[in-house]
1. Scan ARG152, ARG134 and give me the residue that is at pLDDT 90 or above, touching a helix residue (DSSP H, G or I) at 6+ places or on another chain (Cβ under 8 Å) and surrounded by 14 or more Cβ atoms within 10 Å (Cβ to Cβ).
2. Checking the conditions here, which among GLU95, GLU61 is of a type in the set (Asp, Glu) and out of contact with any Gly (no Cβ under 9 Å at 6 or more places or on another chain)?
3. Which of the residues that make up the stretch 1-45 are surrounded by 14 or more Cβ atoms within 10 Å (Cβ to Cβ), more than 25 Å from TYR157 (Cα to Cα) and out of contact with any helix residue (DSSP H, G or I) (no Cβ under 8 Å at 6 or more places or on another chain)?
4. If you scan the stretch 62-87, which residues turn out to be within 27 Å of LYS125 (Cβ to Cβ) and either crowded, with 16+ Cβ neighbours inside 10 Å or at pLDDT 90 or above (or both)?
5. Would you tally the residues in the stretch 94-125 being within 17 Å of GLU153 (Cα to Cα), of a type in the set (S, T, N, Q) and outside any helix (DSSP H, G or I)?
6. PRO20: modelled with pLDDT of 90 or more, of a type outside the set (A, V, I, L, M), touching a Gly at 6+ places or on another chain (Cβ under 6 Å) and not assigned by TED's automatic domain parsing to the domain that holds SER146, yes or no?
7. Would the stretch 6-22 turn up any residue that is part of a helix (DSSP H, G or I), without any contact (Cβ under 8 Å) to a residue 12 or more places away in the chain and acidic (Asp, Glu)?
Amino acid sequence: MNSQKICNIVEAALLAVGKPLSIERLLMLFPDDEQPHREEIAEALMQLQQLYQQRGVDVVEVSTGWRIQVRKEYSPWISRLWDEKPARYSRALLETLSLIAYRQPLTRGEIEDVRGVAVSTNIIKTLSEREWIRVVGKRDVPGRPSLYATTREFLDYFGLKGLDDLPPLAEIREFDLINPELDLPDPENQQPKDPQEELPQHKDHNSAGQLLQ
């Protein structure tokens, strides 16, 4: 099978499935007697990246594979295709997700120690339901609290291949300036908040909100 046909099949598969596909999964599209080498699939993906350089979509690698997605600079126009206003992530939720992402695994109590306020059950529930965090074990202390870590779905959602791709501390921005078009009700369920409350500046964590850029 020639390289152009392989490239076309890979492109069609990425467009059709609507989610990331690994090279191993792409190889399974071909019959045994026509299956290309892994390197040929990788080359097809590189060709698609070059082909899409001047287009409104891009071929990107994330945690669970490769996908075709809209370029960030065109999202203000594309988002108008949906009637419902996208959800907004509250500051409290972003701070909690940020701590888990940069300091995982963490217990709920450890998150509260850093933030200085209680972590709402609804925040943990929301992050778990979105499959952005999961329980990975128990801390060996009295009560054996659950340890939370991020998931591959978290990496895929924010367009990351791995935790090493998290933005550096120098790129932290104020949570309130992140994605102002989003509007998710505060999971802290209308609890009063101190307007001066900010995420403590700790050397080994960062703002998960930066990932939403």
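1. Numbers: ARG152 fails: touching a helix residue (DSSP H, G or I) at 6+ places or on another chain (Cβ under 8 Å).
None of the other options fit; the residue is ARG134.
2. The conditions single out GLU61.
3. none
4. Within the stretch 62-87, the subset within 27 Å of LYS125 (Cβ to Cβ) is 62-64, 79, 82-87.
Answer for the stretch 62-87, where residues must be within 27 Å of LYS125 (Cβ to Cβ) and either crowded, with 16+ Cβ neighbours inside 10 Å or at pLDDT 90 or above (or both): VAL62, SER63, THR64.
5. Qualifying residue count, the stretch 94-125: 1.
6. Answer is yes for this residue.
7. no
Listed here are the residues, each with its yes/no results for (1) aromatic (Phe, Trp, Tyr); (2) under 19 Å from ILE9 (Cβ atoms); (3) outside any loop (DSSP other than H, G, I, E, B); (4) in contact (Cβ under 8 Å) with a residue 60 or more places away in the chain.
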{"position": "ARG25", "(1), (2), (3), (4)": "no, yes, yes, no"}
{"position": "PHE30", "(1), (2), (3), (4)": "yes, yes, no, no"}
{"position": "ILE41", "(1), (2), (3), (4)": "no, yes, yes, no"}
{"position": "MET46", "(1), (2), (3), (4)": "no, yes, yes, no"}
{"position": "GLN49", "(1), (2), (3), (4)": "no, yes, yes, no"}
{"position": "GLU61", "(1), (2), (3), (4)": "no, yes, yes, yes"}
{"position": "GLU73", "(1), (2), (3), (4)": "no, no, yes, no"}
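The values are calculated or read from the model by the stated rules, or taken from the named source; none is laboratory data. In this text, all values refer to a predicted model and were calculated from it rather than measured experimentally. Please note: Cβ atoms are built from the backbone with ideal geometry, for glycine as well, and neighbour counts cover all protein chains shown.
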